[in-house]
Amino acid sequence: MALEPPIRALHSVAMYARDAASIATPIGLVRVTGTANRIDAIEILASGDAVASNAPAIQEALRQLKAYFAGRLTAFDLPLAPSPTERGAVLRQGIVDIAYGETASYGARAKAIGSSPRAIGRACARNPFPIVVPCHRILGAGGALGAYSAGNGPITKSRLLDHERPQGGLL
(Lines give C-alpha, C1' and ligand atoms only; values in the text may rest on other atoms or scores of the structure.)
Protein backbone atom coordinates (compact mmCIF):
# COMPACT_ATOMS: atom_id res chain seq x y z
CA MET A 1 0.00 0.00 0.00
CA ALA A 2 1.44 3.36 -1.04
CA LEU A 3 1.31 6.24 1.40
CA GLU A 4 -0.22 9.47 0.23
CA PRO A 5 2.20 12.32 -0.28
CA PRO A 6 2.17 14.97 2.46
CA ILE A 7 -0.22 17.84 2.08
CA ARG A 8 2.16 20.52 0.92
CA ALA A 9 -0.43 23.30 0.95
CA LEU A 10 -0.23 23.41 4.72
CA HIS A 11 3.50 23.94 4.56
CA SER A 12 3.94 26.05 1.46
CA VAL A 13 1.60 28.91 2.31
CA ALA A 14 3.29 31.65 4.27
CA MET A 15 1.50 32.19 7.55
CA TYR A 16 1.55 35.63 9.09
CA ALA A 17 1.18 36.05 12.80
CA ARG A 18 -1.43 38.60 13.75
CA ASP A 19 -0.41 41.03 16.41
CA ALA A 20 -2.08 43.91 18.22
CA ALA A 21 -0.99 46.96 20.12
CA SER A 22 -2.80 49.89 21.67
CA ILE A 23 -2.28 53.45 22.84
CA ALA A 24 -4.20 55.75 25.12
CA THR A 25 -5.73 58.70 23.27
CA PRO A 26 -8.11 61.53 24.17
CA ILE A 27 -11.01 59.48 22.75
CA GLY A 28 -10.12 56.24 24.55
CA LEU A 29 -7.83 53.33 23.96
CA VAL A 30 -7.06 52.78 20.26
CA ARG A 31 -6.06 49.23 19.35
CA VAL A 32 -4.38 48.39 16.05
CA THR A 33 -4.39 44.80 14.80
CA GLY A 34 -2.37 43.47 11.90
CA THR A 35 0.81 41.76 10.81
CA ALA A 36 4.35 42.94 10.23
CA ASN A 37 3.30 44.22 6.80
CA ARG A 38 -0.25 45.50 7.06
CA ILE A 39 -3.01 46.85 9.28
CA ASP A 40 -6.13 44.67 9.49
CA ALA A 41 -8.24 46.69 11.92
CA ILE A 42 -8.35 49.71 14.21
CA GLU A 43 -10.71 49.80 17.17
CA ILE A 44 -11.62 52.54 19.63
CA LEU A 45 -12.18 50.89 23.01
CA ALA A 46 -13.73 52.18 26.21
CA SER A 47 -10.97 50.88 28.47
CA GLY A 48 -7.84 48.81 28.66
CA ASP A 49 -4.11 49.22 28.91
CA ALA A 50 -1.65 50.40 26.31
CA VAL A 51 0.25 47.46 24.81
CA ALA A 52 3.32 47.54 22.55
CA SER A 53 4.04 45.51 19.41
CA ASN A 54 7.16 44.61 17.47
CA ALA A 55 5.30 44.46 14.12
CA PRO A 56 6.60 47.32 11.95
CA ALA A 57 3.23 48.15 10.36
CA ILE A 58 1.55 48.32 13.76
CA GLN A 59 4.36 50.45 15.22
CA GLU A 60 4.01 52.87 12.30
CA ALA A 61 0.23 53.05 12.74
CA LEU A 62 0.64 53.89 16.43
CA ARG A 63 3.28 56.52 15.59
CA GLN A 64 0.95 58.16 13.06
CA LEU A 65 -2.04 58.03 15.43
CA LYS A 66 0.04 59.71 18.17
CA ALA A 67 1.08 62.41 15.68
CA TYR A 68 -2.56 62.88 14.61
CA PHE A 69 -3.73 63.40 18.19
CA ALA A 70 -0.78 65.72 18.84
CA GLY A 71 -1.90 67.88 15.89
CA ARG A 72 1.18 67.06 13.79
CA LEU A 73 -0.44 64.77 11.19
CA THR A 74 -3.39 65.43 8.91
CA ALA A 75 -3.19 62.51 6.46
CA PHE A 76 -2.31 58.89 7.14
CA ASP A 77 -0.05 56.72 5.00
CA LEU A 78 -0.44 53.14 6.21
CA PRO A 79 -0.49 49.69 4.59
CA LEU A 80 -4.18 48.91 5.16
CA ALA A 81 -5.58 45.49 4.37
CA PRO A 82 -7.28 45.72 0.99
CA SER A 83 -11.01 46.04 0.73
CA PRO A 84 -12.62 42.68 -0.08
CA THR A 85 -14.33 44.13 -3.17
CA GLU A 86 -13.46 46.63 -5.88
CA ARG A 87 -16.57 48.65 -5.02
CA GLY A 88 -15.52 48.68 -1.38
CA ALA A 89 -12.14 50.08 -2.40
CA VAL A 90 -13.86 52.90 -4.35
CA LEU A 91 -16.07 53.74 -1.37
CA ARG A 92 -13.09 53.64 1.03
CA GLN A 93 -11.06 55.97 -1.20
CA GLY A 94 -14.03 58.31 -1.48
CA ILE A 95 -14.07 58.62 2.30
CA VAL A 96 -10.28 59.00 2.57
CA ASP A 97 -10.46 61.85 0.04
CA ILE A 98 -12.28 64.08 2.54
CA ALA A 99 -9.47 66.29 3.82
CA TYR A 100 -8.57 66.85 7.44
CA GLY A 101 -10.79 69.55 8.93
CA GLU A 102 -13.37 69.19 6.14
CA THR A 103 -16.72 67.44 6.15
CA ALA A 104 -19.12 66.18 3.51
CA SER A 105 -22.67 64.88 3.57
CA TYR A 106 -23.48 61.29 2.68
CA GLY A 107 -25.24 62.61 -0.42
CA ALA A 108 -22.42 64.90 -1.56
CA ARG A 109 -19.80 62.18 -1.10
CA ALA A 110 -22.00 59.68 -2.95
CA LYS A 111 -22.46 62.09 -5.86
CA ALA A 112 -18.71 62.77 -6.01
CA ILE A 113 -17.89 59.09 -6.50
CA GLY A 114 -20.98 57.98 -8.43
CA SER A 115 -22.57 56.03 -5.63
CA SER A 116 -25.55 56.30 -3.30
CA PRO A 117 -25.80 57.85 0.18
CA ARG A 118 -26.90 54.46 1.51
CA ALA A 119 -23.73 52.81 0.15
CA ILE A 120 -21.60 55.47 1.82
CA GLY A 121 -23.45 54.85 5.08
CA ARG A 122 -22.90 51.09 4.85
CA ALA A 123 -19.21 51.61 4.09
CA CYS A 124 -18.90 53.80 7.17
CA ALA A 125 -20.79 51.32 9.35
CA ARG A 126 -18.42 48.53 8.24
CA ASN A 127 -15.24 50.62 8.28
CA PRO A 128 -12.48 48.59 9.94
CA PHE A 129 -10.17 51.62 10.12
CA PRO A 130 -11.83 54.47 12.06
CA ILE A 131 -9.82 57.70 12.21
CA VAL A 132 -7.54 56.57 9.33
CA VAL A 133 -10.49 56.09 6.95
CA PRO A 134 -12.28 59.15 8.34
CA CYS A 135 -15.97 58.31 8.45
CA HIS A 136 -16.26 60.86 11.24
CA ARG A 137 -16.02 63.53 8.50
CA ILE A 138 -19.28 62.39 6.88
CA LEU A 139 -22.39 64.18 8.11
CA GLY A 140 -26.10 63.79 7.57
CA ALA A 141 -28.21 66.09 5.47
CA GLY A 142 -28.18 69.70 6.63
CA GLY A 143 -25.02 69.13 8.68
CA ALA A 144 -26.58 66.70 11.17
CA LEU A 145 -23.93 64.77 13.09
CA GLY A 146 -25.37 61.38 12.17
CA ALA A 147 -24.23 57.99 13.38
CA TYR A 148 -20.73 56.71 14.06
CA SER A 149 -19.92 53.03 14.49
CA ALA A 150 -16.64 53.37 16.39
CA GLY A 151 -15.87 54.14 19.98
CA ASN A 152 -18.69 55.79 21.86
CA GLY A 153 -20.66 56.52 18.68
CA PRO A 154 -21.68 60.13 17.98
CA ILE A 155 -19.77 61.38 21.05
CA THR A 156 -16.53 60.03 19.59
CA LYS A 157 -17.43 61.45 16.17
CA SER A 158 -18.03 64.88 17.66
CA ARG A 159 -14.73 64.80 19.56
CA LEU A 160 -12.81 63.84 16.41
CA LEU A 161 -14.44 66.67 14.46
CA ASP A 162 -13.63 69.11 17.28
CA HIS A 163 -10.02 67.91 17.22
CA GLU A 164 -9.77 68.73 13.51
CA ARG A 165 -11.21 72.24 13.78
CA PRO A 166 -8.64 75.03 13.42
CA GLN A 167 -8.94 76.11 17.07
CA GLY A 168 -9.40 72.50 18.18
CA GLY A 169 -7.22 69.83 19.54
CA LEU A 170 -8.19 67.22 22.06
CA LEU A 171 -4.97 67.43 24.02
### Query
What are the GluC sites (Glu not before Pro) within the stretch 83-171 that DSSP puts in a loop, where the Cβ has at most 16 other Cβ atoms within 10 Å?
GLU102
### Task
Evaluate the distance, in nm, between pseudo-label points positioned 7 Å from the Cα of LYS111 and of VAL51 along their respective Cα→Cβ axes.
4.5 nm
### Portion, in percent, of the accessible area of the chain that falls on carbon or sulfur, probe 1.4 Å
55 percent
### Per residue accessible area in Å² of the stretch 14-135, where ligands, DNA and RNA are left out and the probe is 1.4 Å
52 Å²
### Summary
Calc'd 3J(HN,Hα), the stretch 33-42, phi into Karplus 6.51 cos²θ - 1.76 cosθ + 1.60 (θ = phi - 60°), Hz, glycine/Pro = x, comes to 10, x, 10, 4, 10, 7, 9, 9, 6, 10
### Message
Students often get this wrong, so try it: which of [x] 36, 16, 15; [y] 25, 17, 13; [z] 33, 22, 13 is semi-axes √(5λ) of the Cα gyration tensor in Å as calculated from the structure shown?
### Response
[z]
### Query
So how far apart, in nm, are the two label points at ASP162 and ARG126 if each is 7 Å from Cα heading toward Cβ?
3.2 nm
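The values are calculated or read from the model by the stated rules, or taken from the named source; none is laboratory data. All of these numbers come straight from a predicted model, not from anything done at the bench. Neighbour counts run over all protein chains shown; Cβ positions are idealised from the backbone, glycine included. Just so you know, the surface numbers come from the protein's heavy atoms only, side chains and all, with ligands and any DNA or RNA stripped out. Shrake-Rupley method; radii C 1.70, N 1.55, O 1.52, S 1.80 Å.
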